[in-house]
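Undergrad: Just passing along the structure, written as structure tokens.
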Amino acid sequence: MSFNTERDASFVKRAFSSYYRNNRDKIAPPTSPANREYAYFQFGEKVMVRHLAFSSEEEVRDAIVKNSPLHAYRSAAYYKYPSAPMEEKEWMGTDLVFDIDADHIPSDCSSEHEYRICKNCGTTADKSMESCGRCKSRLYDVEWVCERCLNGTKNELMKLIDVLIDDFGVSEDELEVAFSGNRGYHLVVYSSDYVGLDQLSRREIVNYLTARGLEPSYLGIPSPVQGKKGRPRLTDYPPPDLRSFGWRGRIIRRIYQFLIQGDQSTFRDLKNIGEISTVWSAEPDWNVGTAKQWRALSEAAAKVEGVNIDPVVTQDLHRLLRLSGTLNGKTGLLTKRLSIEDVSDFDPLRDSIALDDEPVPLTVFFSPRFSIGEVTIDEVREPTKISLPRYAAVYLICKGLASLVA
Amino acid sequence: MQRVTFETLARYPFVSAGKSYISKLNLTLEELSKDYFKPFIQRAHQRIVEAIERGERSVISETTDPETEFISFPIALILVSMVGDSWLARRWALAETIRCENYLLEEEPAFVKDLLKNELSIRVEEVMDPEEKELSLRSEFKIRLPDFLKLTSHIDALEWKLVNRIAHNGWVYVTQRELVRLVREAIEDRILSRLSETRVQGSFAPLDAYVKDIKTRLTTSRGYELLVQGKAEGMWPPCMRSIKESLLKGVNVGHFGNFALASFLTNIGYSIDEVVSLYSRRSDFDLRIARYQAEHIAGLRGSRTRYTTPSCSTMKTHALCIDEGRLCPKIKNPLQYTRIMSRRANLRTRGENKQKE
């Protein structure tokens, strides 16, 4: 949803502009800044300005401070001529990038905060409704995020970091992790090893992370194998070892957790689950179960361990990513770079606040109860006048849920 | 490589030491007419004939001595270059590659590692630590993950997918057999690039008879000439045209690409012979197998199901869709493209006819 009035838009633009003037150092251009394409959305414009190029980090910062855009992006790719049209840019490589967004994480809370509202009377309706049931006014979509979504994306991010370090051998100093400023994270691997990979290879990386196409028997985990000749017996598989590398290890450790600590009711297929658990708590052994059972457990394990990344972003060689250190026009929050150690304690609605806390009088049309920074906003069901710190006011205005008091 | 023996050169004639050895000999084409070279030329000719006739089932010669084996390789390069047929070049390079592959399977791991590292710039290490070996399903080697991805990008089999491999610390674990299979294309590329460096044109007396013989054998063994050249290709969607072009250039389009094109052709009414003729340009072409596969897709064999062409979204998943479908009208299956285009063409001719009236 966008701004309700032009006055709201120019208020946010002024807030962004004053933030950038005072925090120009926080704008964090990527490596090789001169070989990147930049793009942004200006306030009030519907078309993205693309194919921009700057010769240095300082020039990038100058442009952001000068234009104070609603959204700012940079390419994951390196180009010889980044400002040329796409066919003439001369692609030099693309960093390996990942995007984790609440959209791609199956959760049961999405129905709670994907709805439409009537700005006239504050009535909420579900997504199927076309107009307000009470006053017949137009309804607007609301994109809300809740704490569960934010924790969900963070959990995926931590899984992603683990796999990249353990399996892909990426070192911490090659990683750029950033909160998107709304409801997800992006991660960039700056490694010459991966820069030259084509789309097909990147697709294999996506499949690896999401465990798509995983066939346990190839990893030495019993599974009914299709085909006629030489079906392997359980004893033919190397015994389960919790220290095993890669997906094999991840699956064995997760199965171990299922069996020893987990909620066993989920595995109704396993009639002898008690016996299997007892054996595994002493020493993991394939022989206590059947190939079919191990397959079911492996699939469940892979589902928990797989990383929910947006598959399109990683495969797209010309993708634009939000520029770190800039403000997200959907929230007014900072696209904030995080060190690996900071990830587990990071609280987006506290740690990525960028704007000041000067009180701003607002009319809030609607809002669920939520906390941001130092304030907690109670549920608002009909247009209500309240005064909120600038960062919270901008947050609601950007989501189209509030307007400046006339 | 540390010590390069004639035995090594005989088995792996593409190595850089082989090239420098030959250039030090300062051979001129004239010298090849000396009797001394006759057995080498004969063996070179034999290598090529074998490739034409047997393809990748080429046999390892046990009769000749290492010197003949090695010296005949650059001569074979010259012969293939003089014939100047790109299909032959690829087929011969593949046959030579499979020969190297068969030797590599027998070598000590340390030798394999050195050869791949030094000659093909593939980052590979032997797995020495017993615990590491145990935790990686007893693999003899590990190869850098990005190198693995590049070498497997054209292999469709599930067991080669990264997700079905043991990966750790940026390495992918493989057995010797797997490693040797993995480097096939790298060796083939190396031989092909040696071929493109060898530019011998025109005629040259001591070799002319051999060149002529090879050319004759080529035409008889390749009775299958392109039947479909230019058959209403304007009506083909961009994805299928691109697969076909790759095929003609001898670029590997992967199992899925082959299947997609064959099922497309079958569905728009090409005969089995026409489908097979397209694939005859593949360097690993085997008439019997290609025929069987084409018949299978057409539903004449096996399950008797006639396969439909993969949908646009499946083509996208396999990265075969061109420009995200921007060149196509709104379609869900490549077959629709052909239908829509021929309908449009019909309308156009009808319109023109009306105008004439």
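The values are calculated or read from the model by the stated rules, or taken from the named source; none is laboratory data. Worth saying up front: this structure is predicted, and the values here are computed from it rather than measured. Virtual Cβ from ideal backbone geometry, glycine too; neighbours counted across all protein chains shown. In case anyone asks, the SASA skips ligands and DNA or RNA and just uses the protein heavy atoms, side chains included. Shrake-Rupley method; radii C 1.70, N 1.55, O 1.52, S 1.80 Å.
Undergrad: Rg and Dmax of the stretch B:111-263 over Cα atoms: what are they, in angstrom?
TA: 21.1, 62
Undergrad: Using only the C-alpha atoms of the stretch A:78-233, find the volume of their convex hull and express it per residue in Å³.
TA: Per-residue hull volume (Cα only) is 238 Å³.
Undergrad: As a test of the formula, what do you get for chain A when each DSSP H run with n ≥ 4 contributes -39,500 (n - 2.57) and the sum is divided by the residue count, at 222 nm and rounded to the nearest 500 deg cm²/dmol?
TA: Value at 222 nm, helices only, nearest 500: -9500 deg cm²/dmol.
Undergrad: Related question: Bin width 20 Å, origin at 0, all Cα-Cα pairs of chain A: what percent of pairs per bin?
TA: Here the calculated profile for chain A is 23, 47, 26, 4.
Undergrad: Also, I was wondering about something else. Using alpha carbons only, what's the Rg to Rh ratio of chain B with Rh from Kirkwood? It would help to have the intermediate numbers written out before the result.
TA: Working: Rg = 24.1 Å, Rh = 23.2 Å.
A ratio of 1.04.
Undergrad: Calculate the mean, over all residues of peptide B:149-156, of how many other protein chain Cβ atoms lie within 10 angstrom of the residue's Cβ.
TA: Taking all residues of B:149-156 together, the mean is 3.
Undergrad: A further question follows. Please give the Cα centre distance for the stretch A:270-297 versus the stretch B:155-201, rounded to the nearest Å.
TA: So the two Cα centres are separated by 38 Å.
Undergrad: Using r as the Cβ-Cβ distance of A:THR235 and B:LEU105, and R0 as 35 Å, what FRET efficiency do you calculate, to the nearest 0.05?
TA: 0.80
Undergrad: If R₀ is 45 angstrom, what is the calculated FRET efficiency for the pair A:VAL195 and B:HIS255, using the beta carbon separation as r and rounding to 0.05?
TA: Efficiency, rounded to the nearest 0.05: 0.95.
Undergrad: Just checking the output field for A:245-253: average partner chain Cβ neighbours within 10 Å of each residue's Cβ?
TA: Other-chain Cβ atoms within 10 Å of each residue's Cβ, averaged: 5.
Undergrad: When you look at the Cβ of every residue in A:197-203, what mean number of other chain Cβ atoms sits within 10 Å? Mind showing how you got there, number by number?
TA: Details: counts 4, 4, 2, 8, 8, 2, 6.
That works out to 5 on average.
Undergrad: Per the 1.4 Å probe, what fraction of the accessible area of the protein assembly as shown, in percent, lies on carbon and sulfur atoms? Kindly include the intermediate steps, with their values, before the conclusion.
TA: Working: 17610 of 36580 Å².
Answer for the protein assembly as shown: carbon and sulfur cover 48 percent of the accessible area.
Undergrad: Continuing with the same structure: How many angstrom lie between the C-alpha centres of the stretch A:136-170 and the stretch B:1-31?
TA: 58
Undergrad: In whole angstrom, note down how far apart the Cα centers of the stretch B:263-326 and the stretch A:1-65 are.
TA: Each part's Cα centre sits 50 Å from the other's.
Undergrad: While we're here: Starting at 0 and stepping by 10 Å, how many percent of the alpha carbon pairs of the protein assembly as shown end up in each bin?
TA: The percentages, shortest bin first, are 2, 11, 16, 19, 20, 15, 9, 4, 2, 0, 0.
Undergrad: Quick query: amide H of A:ALA211 versus all other amide H atoms, modeled in the peptide plane; which residues come in under 5 Å with a sequence gap of 5 or more or a different chain?
TA: A:VAL307
Undergrad: Computed on protein heavy atoms with a 1.4 Å probe, what is the summed buried accessible area for the chain pair A and B, in Å² to the nearest 100? Intermediate values should be presented prior to the final figure.
TA: Values: alone 20010 and 19240 Å², together 36580 Å².
So the total buried area for this chain pair works out to about 2700 Å².
Undergrad: Of A:LYS46/A:LYS330; A:LYS80/B:LYS249; B:LYS117/B:LYS249; B:LYS113/B:LYS133, which sit over 21 Å apart, Cα to Cα?
TA: Violating the 21 Å limit, Cα to Cα: A:LYS80/B:LYS249; B:LYS117/B:LYS249.
Undergrad: Can you tell me the Rg and the Dmax, both Å, for the Cα atoms in the stretch B:48-187?
TA: Rg then Dmax for the stretch B:48-187, in Å: 17.1, 54.
Undergrad: Within the stretch B:74-97, name every residue whose backbone N is under 19 Å away from a label modeled 7 Å from Cα of B:ALA209 along the Cβ vector.
TA: B:75-76, B:78-80, B:82-83
Undergrad: For every helix of n ≥ 4 consecutive DSSP H residues, a contribution of -39,500 (n - 2.57) applies; sum these over chain B, divide by its total residues, and give [θ] at 222 nm rounded to the nearest 500 deg cm²/dmol.
TA: Helices in chain B give a 222 nm mean residue ellipticity of -18000 deg cm²/dmol.
Undergrad: Determine which lysines satisfy two conditions relative to B:LYS330: a Cα distance under 23 Å, and not lying fewer than 8 residues away in the same chain.
TA: B:LYS244, B:LYS316
Undergrad: Then there is this: Using a 1.4 Å probe and counting only protein heavy atoms, arrange B:TYR279, B:TYR36, A:TYR20 so the residue with the most accessible area comes first.
TA: Largest accessible area first, the residues go B:TYR36, B:TYR279, A:TYR20.
Undergrad: Testing the spin-label approximation: label points 7 Å from Cα along Cα→Cβ at B:GLU7 and B:SER313. State their distance in nm.
TA: 5.9
Undergrad: Subtracting the Cα-Cα distance from 0.36 nm times the residue separation, let me have the gained length for A:ARG337 to A:LEU242 in nm, one decimal.
TA: Details: separation 95, 0.36 × 95 = 34.20 nm, distance 3.40 nm.
The A:ARG337-A:LEU242 span can extend by a further 30.8 nm.
Undergrad: Same structure, new question: Under a straight-distance cross-link criterion of Cα-Cα below 14 Å, which aspartates and glutamates are reachable from B:LYS150, leaving out those fewer than 8 residues away in the same chain?
TA: A:ASP193, A:ASP198, A:GLU204, B:GLU185, B:ASP189
Undergrad: Give me the one-decimal nm value for the distance between modelled label points at B:ASP156 and B:ARG288, 7 Å along each residue's Cα-to-Cβ direction.
TA: Modelled inter-label distance: 2.2 nm.
Undergrad: Would you mind computing, in nm to one decimal, how far apart the modelled labels at A:VAL304 and A:SER137 are, each placed 7 Å from Cα along Cα→Cβ?
TA: 4.8
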